[in-house]
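Please read the structure below before turning to the comments.
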């Protein structure tokens, strides 16, 4: 590596952030850039380790030590070329990925891990600044037409790769703009939407066609797609939220998290909100669910100027460091404090919500909750719980947001019309290696196939699915496997 002693000389440093008092008044990204000196120091921390486990920790197989070395030497175009060989959208993963690569970093065994995610973000932003990011137009077209249904990260990745292989790709998106949950799920303070627009513009110059307000199975005929396209990729995501069917669920004031988050993203984009407005302003907000979506609800509620924000998690409080159930280099389920939590929220674990309580007008006014006592196995995993006697109580709440994850893709419409087989969890059934459904010309990728997961997994799925579609259509191997570290067009 560029500086073999860098991990001894420098410690982990993250970029500065705008103060909480300032950033909760807008929806702009608030993470600043590292200075050239700090970026050089952080890349210098990457060790010349014998086996770089970060490769395995990253679902995309990013070639991390090599691009760190290029950053250290300020070889920006080389760093970008290395990064783009495995990752179509580092501007997305550099902002919203939980960085499983850092959990697998060898240095992380006894020191803070390399700031891989931030370095990745800096590489792509510098590449855009310096004009290295140019449309990659295929030299030859195969004459094959492919429809990609869904423009989230898996659909975008599949479209980009299939276009590179020379196929003509059309992406169908049911919302009014591409991006899927990147656009209408992730808050702007984590991912401003010009970042998506910038990438979509590059893809359009490369030849990918986007058709929005195009809901396949509703206002777009699936039979037309089957007739007009040589192959179809289903990448619609896992969009059916997990419900909480307890007394009072029908009260006004109880909503799914995505109803709340999508509305706010539309407001930031100056687009009309078609359903009834959901605001946290002046309300006691309770977010039920302790994951990233719940955290996004916390940050958005703070920007709405809620009277209070509380977040509940059914499971017990995670440990602050690894235990026997999460050895290195696995991804550790440790306590995570996000930037939204830093902005203000009361967090409680081992809490179950038993009922939503309303007033005479049918509006939510309180929650009935109870504390849980968990049985913990020898390896530290919680196994079962009982309600703690005498702990049931009511707390004031005028807005409850259900952020408990997603169960499977929407079956009504496209999936049911096609007669696609589903697995035992309700996802589209397709093998992990082939991505092909029970209908030969139809493939699937991302959350629609594997269930709710990470953006980085969605991109990986889209890339691998594209490789299988290309093999199906041409019998060739113009797209290489992600883990080959050379996922590009063979020359």
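The values are calculated or read from the model by the stated rules, or taken from the named source; none is laboratory data. The model shown is predicted, which means the values in this text are computed figures rather than measured ones. Every residue, glycine among them, receives a Cβ derived from its backbone with ideal geometry; neighbour counts consider all protein chains shown.
Worth pointing out:
- Within the range 220-314, strands (runs of 3 or more DSSP E) holding 2 or more residues that are under 23 Å from the mean Cα position of the chain (by Cα), free of Cβ contacts under 8 Å to residues at least 40 places away in the same chain and buried (at least 22 other Cβ atoms within 10 Å of the Cβ): none
- Qualifying residue in the range 54-64 (condition: in contact with a helix residue (DSSP H, G or I) (Cβ under 9 Å, 6 or more places away or on another chain), farther than 26 Å from residue 193 by Cα and free of Cβ contacts under 8 Å to residues at least 60 places away in the same chain): yes
- Listed by position, the strands (runs of 3 or more DSSP E) enclosed by the range 367-468 that each have at least 2 residues that are exposed (fewer than 14 other Cβ atoms within 10 Å of the Cβ) and in contact with a strand residue (DSSP E or B) (Cβ under 8 Å, 6 or more places away or on another chain) are 382-387, 393-396.
- Qualifying residue in the range 336-344 (condition: more than 26 Å from residue 58 (Cα to Cα), in contact with a helix residue (DSSP H, G or I) (Cβ under 6 Å, 6 or more places away or on another chain) and at pLDDT 95 or above): yes
- Residue match in the range 122-139 (condition: more than 29 Å from residue 178 (Cα to Cα) and either modelled with pLDDT of 95 or more or assigned by TED's automatic domain parsing to the domain that holds residue 188 (or both)): no
- Looking at 390, 413, 405, just one residue is on the phi > 0 side of the Ramachandran plot and free of Cβ contacts under 8 Å to residues at least 60 places away in the same chain, and that residue is 390.
- Residue 49, sole failed condition from (1) touching a residue at least 24 places away in the same chain (Cβ under 8 Å); (2) surrounded by fewer than 18 Cβ atoms within 10 Å (Cβ to Cβ); (3) closer than 30 Å to residue 300 by Cα: (3)
- Scanning the range 161-188 for residues that are under 18 Å from the mean Cα position of the chain (by Cα), surrounded by 23 or more Cβ atoms within 10 Å (Cβ to Cβ) and farther than 13 Å from residue 92 by Cα gives 173, 178.
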